[in-house]
Structures are given as structure tokens and as C-alpha cells.
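Notes follow once the structure below has been shown.
The values are calculated or read from the model by the stated rules, or taken from the named source; none is laboratory data. Computed from a predicted structure; not experimentally measured. Here the Cβ is made from the backbone with ideal geometry for all residues, glycine too, and neighbour counts use every protein chain on show.
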């Protein structure tokens, strides 16, 4: 079944200003509450999504948890009224929709203190949103919930603007889907006192998981926020950057929040949320943004200034706001060069193959060439490779005819490896002293990392590179150093047999 958990005060009031309600949709079987929800206590909420899970007796759930039980049945469903009334006999709260608000019998049987009223739909203007709020607020309720459907980043600002204006603890609003993840996280800091999450990364409506809400954003605590930073890409839901940077902010006592911005259209995101200061209108400055796939190339033209490396490679992964002027930078080179030097590997006069000619591959190849390496580009297709060849003036080998034999360092700058069993090239030809760098990381070591470590190669995992880049970006964002124990705790570092620091395999 699908459940949602949230938290409020034991007396039924919404939390104080430094705490929020947590609400997560969870997939469980046989009507049992997952062990991961053992933290539920009196005052927490647990929501049954009956339209997805079917009806389960509230008394059965109550025997397993002291949480307040909320019954939700979305959409036009046969016997809707009968199911809602039946649930009202054993659930504490009942979710009603606009169509239910004219049903006199429902409103008589479900008193205002037991109602959660939800409006869900598309809005394009604040007038649309005001009309939606008015349509449900005419009926008294304990909580009003507005879920905005939108395909555009620019429209995700609307529910946030509503919350900032209203400042009501009986109202929560956010955009649904992956595009709206950041709105769910920021909403409690704009007056809402409930945040919705789910179980794992496959929760309904693109909501963050409970594990993310607690681990990445420290819910249910709500610390003041003066600065916003974030990561922009498509997709970004599995990125570890929010967890790393927010833990760093907490360790230093910095009033900052790092948010995930799922942006299918970078121009739409940049114009409305940054250039037109949409995010700043919510009450916090925007200091820097990490830019990831597929926007590393198109984002270059958005910033009014760029570093020489960005200008040379036509690729950026980091925007920093300095005195109101945005500069496109890249930390891809540091992720590789600094990690190599930690392993006491000097790229000067080394033969290097960089597999992948995308934005990261170009920046890494250019940096290794500047460091004195003899660099060869490798790519599956020639179209993207032709841009890299023209920009960098480096030799090229098609992937189909590539062998790692004779190279001292080989870098995998492609996404190949995210799926178990995929491998970008055959490591059998590697020399005994060759160093392998794989930018990909997942819950388990990639096939390339496993194969090269089994051969005894010096292997730099994607988490090694992530650690170095995160610490570099943190310093660029804040002017301070991320405490070393933060990435150590989150990424799971350990010392190998040669006492080199390496990363346990895992993913963003």
C-alpha cells in the first residue's frame, strides 16, 4: 500500500517555527508499516493513498503505529462517497477534493478538524492560483493542500509566491513531479508546516524520499536560510550534492540551503528563477549553482562572464554570483587533477586517453594537456568528437578501434557504467601500472571499477572525484573549507592496502 507520514505537535497543532511536519508516501505490503517508519510517534501523520493501495482498515494500521491516520482517495472513483464515509469510521483525517465540497452528507459526517482539502491542477498566473485557493478555502478544514501541475520551471515559482504572501500554517502548496522537488523542500520555510516525501526514489508525484528529507535537508528541523545554492540538471533526484553541501553548511553554522533544481529547459529556469530574480523574491540570495548534464554546453551562453577554461572548452559545470555578476566556471578539472595528486600520480609526460567528448570530457582533457600530459580523445560518435577536436586541437581515436594498451592514464567521461554490467572499454589491454579514472558512481562500484581493482590497478572512483569537486565548489561558494569529516561520513571513505585514500563505490 502507499502511506504518507507527517509530524505535528502531540496536541494536534502544527509545529513551531523551527520544525515542520513530515509527510511521505510509502510502498509497503500486506498492510504492514515498514521498519523504516519505526520513528513514528504520537503527533506524526501516516497517510494511506487508497486510490493506489486499496482500502485497509484504519484499526489495523492503528495497531502498528501511534501516528495520526490520514485517508486519501484521489480522482473520480466509483463508490467514492461510500469509501470516504467508511474510512471516516477508523481514520483520524480524511482528504477531500473540490468535487466533495458540495456533498452535504460528507461535510456533516467529516467535521472541519478532520478535513484535509486538496486542490490539484495547472495554473499559469497568480490569479489562477488565487481562484484555486478560494475554491477550497470556502469550506473550513484543518489543512488546505494545493498541488500545482506544471512542465515549466518558471511556473514552479507560483505556489512559493502564494505561501510567502499568505504565511498560513493551515496551507501548504508545491509543484508536483521531479520539477517541483525544490518547492516541497522550501515550502516549510515560507509558512507551510508540512513537507511531503516518499519511500525510496520511486515515490509517487516525484516527491523526495523520507531518507532524503532527513539526511539531505535535516527535516523536521527548520533553520533560518539567508542563502540559496543548488544543482541544475535533468535528472538530479539522485545527486549526493545536496547532502554533502547541506551537511557542510550545518557543520559551519551557515544559514544556507542547497536545493535540487530539475530543469528540462535551462533557458526557462535561468530566465525566470535567476535573471528575473524569481528565487531572490522568496527572501534569500542565490550565490552559486552547479550545472550538470545535459546543460553543461547550453549554459555557457547564459552567464555574462566565463573563465578561460570554460571559453576554451565551451563547457561549464559551476556558476558563481560575484557582486551580482554571474561567471561560468568549471570544477571538472580539479576533480581529476587534485585526486590524481592525492594518489601521487603526476600527469606530466604521461600518455592519457579521455573516453567521452562531452562537456566534462573536454574540460578534463584540456586540463590534463595543460598539466603536461599527452592527451588523446576517444568517443563513440564523430559528431560530438569533432567539436572537441576543433576546440582542443587534440588527436582522436574512435571508440570502436580504441585499446587502452600503452596509455598511462585512462579516463571514462561517459555515462556508460550507470547500469550494472555496462563497461565503456575492455580493460584487458591496460598496462600493469595504468591508472583508471571512472567519473560514474552508483550504489555499487561500476563494472569498470570492479574489473580494474580486481587487476590491482590504481583506480579512482566517481566518488573520489565527487568528493574533490564538492570540496572545491563549497570553497568557491562560501570562501570556507568544507570540514573533511563531512564527505568522509557521507561517501564512506576507507584506506586501502597501500594506504591510499579511495572511495567505496556508490552513486549520486
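Of the residues that make up the range 335-345, is at least one assigned to a loop (DSSP other than H, G, I, E, B) and under 25 Å from the mean Cα position of the chain (by Cα)?
no
Could you tell me which of the residues 216, 265 is surrounded by fewer than 18 Cβ atoms within 10 Å (Cβ to Cβ) and either touching a residue at least 12 places away in the same chain (Cβ under 8 Å) or under 18 Å from the mean Cα position of the chain (by Cα) (or both)?
265
Which members of the range 89-110 meet the condition of being without any contact (Cβ under 8 Å) to a residue 12 or more places away in the chain and within 20 Å of residue 56 (Cβ to Cβ)?
Result: no residue meets the conditions.
Among the residues in the range 111-131, are any part of a helix (DSSP H, G or I), surrounded by 19 or more Cβ atoms within 10 Å (Cβ to Cβ) and either assigned by TED's automatic domain parsing to the domain that holds residue 82 or without any contact (Cβ under 8 Å) to a residue 40 or more places away in the chain (or both)?
For the range 111-131, residues part of a helix (DSSP H, G or I), surrounded by 19 or more Cβ atoms within 10 Å (Cβ to Cβ) and either assigned by TED's automatic domain parsing to the domain that holds residue 82 or without any contact (Cβ under 8 Å) to a residue 40 or more places away in the chain (or both): present.
Residues in the range 254-261: is at least one farther than 17 Å from residue 160 by Cβ and out of contact with any helix residue (DSSP H, G or I) (no Cβ under 6 Å at 6 or more places or on another chain)?
Yes, that holds for at least one residue.
Yes or no, residue by residue, for (1) more than 23 Å from residue 346 (Cβ to Cβ); (2) modelled with pLDDT of 90 or more; (3) crowded, with 16+ Cβ neighbours inside 10 Å; (4) in contact with a strand residue (DSSP E or B) (Cβ under 7 Å, 6 or more places away or on another chain):
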| residue | (1), (2), (3), (4) |
| --- | --- |
| 447 | yes, yes, yes, no |
| 460 | no, yes, yes, yes |
| 470 | yes, yes, yes, no |
| 479 | yes, yes, no, no |
| 482 | yes, yes, yes, no |
| 487 | yes, yes, yes, no |
| 497 | no, no, no, no |
| 504 | yes, no, no, yes |
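Restricting attention to the range 390-408, and to residues there that are touching a residue at least 24 places away in the same chain (Cβ under 8 Å) and part of a helix (DSSP H, G or I), which single residue is surrounded by the most Cβ atoms within 10 Å (Cβ to Cβ)?
392
Just the residues that are part of a loop (DSSP other than H, G, I, E, B) and touching a strand residue (DSSP E or B) at 6+ places or on another chain (Cβ under 8 Å), please, taken from the range 346-374.
347, 349, 350, 356, 357, 373
Any residue that is out of contact with any helix residue (DSSP H, G or I) (no Cβ under 8 Å at 6 or more places or on another chain) and free of Cβ contacts under 8 Å to residues at least 12 places away in the same chain - is there at least one of those in the range 138-161?
So far as the range 138-161 goes, no, none of its residues is out of contact with any helix residue (DSSP H, G or I) (no Cβ under 8 Å at 6 or more places or on another chain) and free of Cβ contacts under 8 Å to residues at least 12 places away in the same chain.
Tell me yes or no: at least one residue of the range 37-56 is surrounded by 15 or more Cβ atoms within 10 Å (Cβ to Cβ), out of contact with any helix residue (DSSP H, G or I) (no Cβ under 7 Å at 6 or more places or on another chain), at pLDDT 80 or above and assigned to a loop (DSSP other than H, G, I, E, B).
Looking for residues that are surrounded by 15 or more Cβ atoms within 10 Å (Cβ to Cβ), out of contact with any helix residue (DSSP H, G or I) (no Cβ under 7 Å at 6 or more places or on another chain), at pLDDT 80 or above and assigned to a loop (DSSP other than H, G, I, E, B), one finds at least one in the range 37-56, hence yes.
Need the failing condition index for residue 309 against (1) modelled with pLDDT under 95; (2) surrounded by 19 or more Cβ atoms within 10 Å (Cβ to Cβ); (3) out of contact with any helix residue (DSSP H, G or I) (no Cβ under 6 Å at 6 or more places or on another chain), just the number.
Residue 309 satisfies all of (1) modelled with pLDDT under 95; (2) surrounded by 19 or more Cβ atoms within 10 Å (Cβ to Cβ); (3) out of contact with any helix residue (DSSP H, G or I) (no Cβ under 6 Å at 6 or more places or on another chain) except (1).
Considering the range 188-213 alone, what residues qualify as being modelled with pLDDT of 85 or more and over 16 Å from the mean Cα position of the chain (by Cα)?
Of everything in the range 188-213, those that are modelled with pLDDT of 85 or more and over 16 Å from the mean Cα position of the chain (by Cα) turn out to be 188, 189, 190, 191, 192.
Count, please, the residues in the range 265-280 that happen to be closer than 27 Å to residue 214 by Cα and in contact with a helix residue (DSSP H, G or I) (Cβ under 7 Å, 6 or more places away or on another chain).
Looking only at that region, the number is 4.
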